[in-house]
Amino acid sequence: GYWVEFDVDESGLALAVFFKSNGTAWEMYGNLFDPATGWGTPTRIGPVAGGWHPSGGYVAAAGPGEFFIVWQQYDRYENGNGSVWSRTWTSSSGSGPAVRLSSASSVNPIYPCIAACTGGQALAAWTETEGALSSVVARLYVPGIGWGNQVVIDSSDKNRAWLPSAAMAPDGDIAVIWRQSDGRDDLLWGRVYLV
């Protein structure tokens, strides 16, 4: 196995996500840790929809016993386009259904990240590339409504923007940072969204 990521909620529950080979291809698994009972049984969570080679998995704790997972995968074994997916995970019912976050027209979405807060909101961001250019895009999850529309969040100068990272405050305020070229060097950029 490789690429282990985890987060812990305010009650002490932890969800770990990781990848391991089935001998032919990579698969993604999740496992919940309960302080009272220890680790559960690993559950396969990806790839989905006939995809291949999930990677770049991240997890973020939301409300008590609630987590969001995000990852990228390819639509076929060789030279396939990528897609970004998410699942929720609750301590009561386990892994929820997979939701494709990147649009069908997205070109090579990579480097996904996820942030969530105790109110149940979440933000997923990732990089989309087209030729030598790339953009940072995101979608916001609101409880009772679901995932909103995909929006570009980097500056509009069309230089390469990539590798986003996101964080959410308990009240739902969001900060996103990423690397973006000024034509010569990569600089650190960011945006803050206040509720």
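The values are calculated or read from the model by the stated rules, or taken from the named source; none is laboratory data. Remember, predicted model here, so these are calculated numbers, not experimental data. For neighbour counting, all protein chains shown are included, and Cβ atoms are generated from backbone atoms with ideal geometry for every residue, glycine included. Quick note on the areas: whole protein, heavy atoms, side chains included, nothing else; ligands and nucleic acids left out. Shrake-Rupley method; radii C 1.70, N 1.55, O 1.52, S 1.80 Å.
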- line: Expected unfolding gain across Ser165-Arg44 under the 0.36 nm per residue rule, minus the alpha-carbon gap, is 41.0 nm
- request: Select from segment 67-115 those trypsin sites (Lys or Arg not before Pro) which occupy a DSSP coil region and have at most 16 other Cβ atoms within 10 Å, ordered by residue number.
  value: Arg76
- line: Between Val151 and Asn108, the FRET efficiency computed from the C-beta separation at R0 = 22 Å comes out, to the nearest 0.05, as 0.75
message: Quick check: from the Cα gyration tensor, does segment 63-195 come out rounded (a/c under 1.5), prolate or oblate?
response: oblate
task: Find how many whole Å separate the alpha carbon centroid of segment 99-119 from the alpha carbon centroid of segment 137-156.
output: 9 Å
- prompt: Among His53, Phe6, Ile153, which residue has its Cα positioned farthest towards the positive end of the charge dipole of the chain, with +1 placed on the Cβ of Lys and Arg, -1 on the Cβ of Asp and Glu, and the dipole taken about the Cα centre?
  reply: His53
task: Determine the per residue accessible area of segment 37-170 with all protein chains present and a 1.4 angstrom probe, expressed in square angstrom.
output: 45 Å²
- prompt: Expressed as cubic angstrom per residue, what is the convex hull volume of the alpha carbon set of segment 140-195?
  reply: 85 Å³
field: the chain - percent relative contact order, Cα under 8 Å, separation 6 or more
entry: 12 percent
- line: In whole Hz, the Karplus estimates of ³J(HN,Hα) for segment 119-126 (6.51, -1.76, 1.60; θ = phi - 60°; x where Gly or Pro) are x, x, 6, 8, 10, 10, 9, 7
field: Rounded percent of accessible protein surface that carbon and sulfur make up, segment 62-195, 1.4 Å probe
entry: 53 percent
query: Rounded, prolate or oblate: which fits segment 21-136, taking a ≥ b ≥ c as square roots of the Cα gyration tensor eigenvalues, rounded meaning a/c under 1.5, else prolate when a/b beats b/c?
result: oblate
Those residues of segment 47-73 whose amide nitrogen sits under 16 Å from the label point placed on Thr37, 7 Å along Cα→Cβ: 65-66
- prompt: What are the semi-axes of the equivalent ellipsoid of segment 102-162, taken as the square roots of 5 times the eigenvalues of the Cα gyration tensor, listed largest first and rounded to whole Å?
  reply: 24, 11, 9
message: Expected output is a single nm value to one decimal: the length gained when fully extending between Val195 and Val142, i.e. 0.36 nm times separation in residues minus the C-alpha distance. What is it?
response: 17.9 nm
query: For Asp182 and Ser93 in one chain, what is 0.36 nm times their gap in residues minus the Cα-Cα distance, to one decimal in nm?
result: 27.4 nm
